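Asker: A single structure is presented below for examination.
The values are calculated or read from the model by the stated rules, or taken from the named source; none is laboratory data. Only a predicted model underlies this, so the values are computations on that prediction, with no experimental measurement involved. Cβ atoms come from the backbone with ideal geometry, glycine included; neighbour counts cover every protein chain shown. Side chains included, ligands, DNA and RNA excluded: accessible areas come from the protein's heavy atoms. Shrake-Rupley method; radii C 1.70, N 1.55, O 1.52, S 1.80 Å.
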Amino acid sequence: MIKKHINSMLDKAAKLNAQCSCISVDNKKLDIEVHRLIDNLSLADTTATQISPMLSKSGVFIDHAALEQIDQLVKAVFKVCEQPLFQKLVLDHAPPIAKHKQGVSGVFYGFDFHLGINGPQLIEINTNAGGAMICALEVGASKNCCEPIERNLSRRNMPDEIYEAFLNMFTQEWKSFKGDPAAKLKTIAIVDENPTKQFLYPEFLLFQALFQKHGIKAIIAAPEDLVIKDRKLYFENTEIELIYNRTTDFYFQGPTYSALREAYLGNLMAITPNPFNHAVFANKDNLCLLSNEQMLNDLEVDQVTKEILLTHIPKTVKVSANNEALLWSDRRNYFFKPSQGFGSRAVYRGDKLTKGVWNQIKDSSYIAQQVIPPSKRTVIVDGNEVDLKVDIRDYVFKGNSLVSATRIYQGQTTNLRTIGGGFSPLYITD
């Protein structure tokens, strides 16, 4: 009966995703939302222009029960990952810096899902997940183009509510780091390598504007822009209290990270997310543990939590000398991903693998994850119907969803450059 219900809800959402051609993002409303955040007229104009191509004009439908399953899975993952025994297990294999723990939880964990025959399937977890602010903007820019959409929009949080949740998250991180519920956050640095060259740099500008509208000085910087003076971290003459970390050098190993590394280990400022957060949640090797029934038994995970994890995390195994022959012969059923990868880099679909690439994979740190085909969304491009792929991203803090959205794309892996694709609103069906 459960599987029949799951199939029924998937069929309903799939039908709407195939047949509803509503335009759900209004560029004029997007422009208004950007200008509400960014006071500088020229900068706001440029930012809105850069963000528009990142957004699909088509919303994606999902059944309410599927969202509930996503919520259950996220909470189950947090429950296990916060266990001391699990943390010891993963930290024993992580770089030494990951063992340093600050009193922060980590902002904007991105839980990415495909919809399979057993409901949502967790593909990966990211601790530096980008796009949350753009997705919040998109809520404000969504267009009431038909009655069912209008009904769904009325049930969604409005942008100001989402912005407030984002701000509360960062202030909670600062209070937790200081151990003082009355601590007031004054300065934030949004840090990434070559930030102005990043594809999501417009999002950095939006965060900067949001923070500054609420009395928090915010700067955008590269790791090498930070210096330590008198046991405090500075950007030029500004003392940095908290860093919103968007870098992908997850363990601060590069030569430009020396100040950041020293400041983190010395607790000279708060950094969120940080190496500990990444090692415990986002190292893809962890999915091998969370999808392994025997390992969950060894960790003494309760039956309900275990069933949720095994139902909603595809089979994932570490590539090793013990299983390389079996994985090669069964490669068509797997995606191969680097343990420390990000942004779909060096990810290979098994049916596309050459022997040469396989020889590189088996000698590196890789996982093999059971293929879960993404669901589909039919969009209109130049007057023609085109079937694109969909994944779901749930932005999470402390195990609770901040905002959920989808990404519509074409190709082997998720991207924001497909014509007709991009970030997309998520509409709930009953």
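Asker: In a shell of Cβ-Cβ distance under 13 Å around D180, excluding D180 itself, what net charge do Lys and Arg (+1) and Asp and Glu (-1) give? All intermediate terms of the calculation are to be shown ahead of the outcome.
Answerer: Working: positive: K175, K178, K184; negative: E173, E241.
Neighbour charge sum, excluding D180 itself: +1.
Asker: With only Lys, Arg, Asp and Glu charged, each at its Cβ (+1 for the first two, -1 for the last two), find how big the charge dipole of the stretch 236-300 is about the Cα centre; round to the nearest 20 debye. Kindly include the intermediate steps, with their values, before the conclusion.
Answerer: Details: 3 positive and 9 negative charges, 37 e Å.
Using Cβ point charges on Lys, Arg, Asp and Glu, the stretch 236-300 gives about 180 debye.
Asker: Label-point separation (nm) for K12 and E82, each offset 7 Å from Cα along Cα-to-Cβ?
Answerer: Output for this residue pair reads 3.2 nm.
Asker: State to the nearest 20 debye the size of the charge dipole of the chain about its Cα centre, where the only charges are +1 on K and R beta carbons and -1 on D and E beta carbons.
Answerer: Numbers: 48 positive and 48 negative charges, 101 e Å.
It comes to approximately 480 debye.
Asker: List the pairs from K175/K398; K79/K178; K79/K143; K75/K315 whose alpha-carbon separation is above 26 Å, in the order I gave them. Mind showing how you got there, number by number?
Answerer: Details: K175/K398 14 Å; K79/K178 24 Å; K79/K143 38 Å; K75/K315 19 Å.
Pairs exceeding the cut-off: K79/K143.
Asker: Same structure again: Probe radius 1.4 Å, ligands and nucleic acids ignored: give me the carbon and sulfur share of the accessible area of the chain as a rounded percent.
Answerer: Values: 9510 of 18910 Å².
Carbon-and-sulfur percentage of accessible area, whole number: 50.
Asker: Follow-up. Just to confirm a number: summing +1 for Lys and Arg and -1 for Asp and Glu over residues other than T127 whose beta-carbon lies under 15 angstrom from that of T127, what do you get?
Answerer: Values: positive: K101, R246, K284, R393, K398; negative: E82, D112, E124, E173, D192, D249, D285, D394.
Taking every other residue near T127 into account, the sum is -3.
Asker: For F235, F423, what's the largest-to-smallest order of accessible area, 1.4 Å probe? Each step should come with its number before you reach the end.
Answerer: Numbers: F235 35, F423 5 Å².
Per-residue accessible area, sorted high to low, gives F235, F423.
Asker: Sticking with this structure for a sec: Is the shape of the stretch 361-430 rounded, prolate or oblate, going by the alpha carbon gyration tensor and its root eigenvalues a ≥ b ≥ c, with a/c under 1.5 for rounded and a/b larger than b/c for prolate?
Answerer: Numbers: a/c = 2.28, a/b = 1.21, b/c = 1.89.
It is oblate, given that a/c is not under 1.5 and a/b is not larger than b/c.
Asker: Now a separate question. Could you point to the residue in M158, N322, N128 farthest towards the positive end of the chain's charge dipole, with +1 and -1 charges on the Cβ of Lys/Arg and Asp/Glu respectively?
Answerer: Among M158, N322, N128, the one farthest towards the positive end of the dipole of the chain is N322.
Asker: If you don't mind, another one. Once the other residues with Cβ under 14 Å from the Cβ of K101 are scored (Lys, Arg +1; Asp, Glu -1), what is the net sum? Spell out each step's value before the answer.
Answerer: Numbers: positive: K88, K99; negative: E82, E173.
So the environment of K101 carries a net charge of 0.
Asker: Here is a follow-up. At 1.4 Å probe size, with every protein chain present, just tell me what the per residue accessible area of the chain comes to in Å².
Answerer: Details: 18910 Å² over 430 residues.
For the chain, the per-residue accessible area is 44 Å².
Asker: Right, here's the next one. From the C-alpha gyration tensor of the chain, pull out the three semi-axes of the equivalent ellipsoid (sqrt of 5λ each), sorted largest to smallest, in whole Å. Mind showing how you got there, number by number?
Answerer: Details: eigenvalues 202, 180, 83 Å².
That gives 32, 30, 20 Å for the three semi-axes.
Asker: Could you give the DSSP H helices of the chain that reach 24 angstrom or more along their long axis (alpha carbon positions) and whose average Kyte-Doolittle hydropathy is no lower than 0.5?
Answerer: Details: long enough: 2-19 (26 Å, -0.54); 64-81 (26 Å, 0.58); 159-178 (29 Å, -0.69).
Qualifying helices: 64-81.
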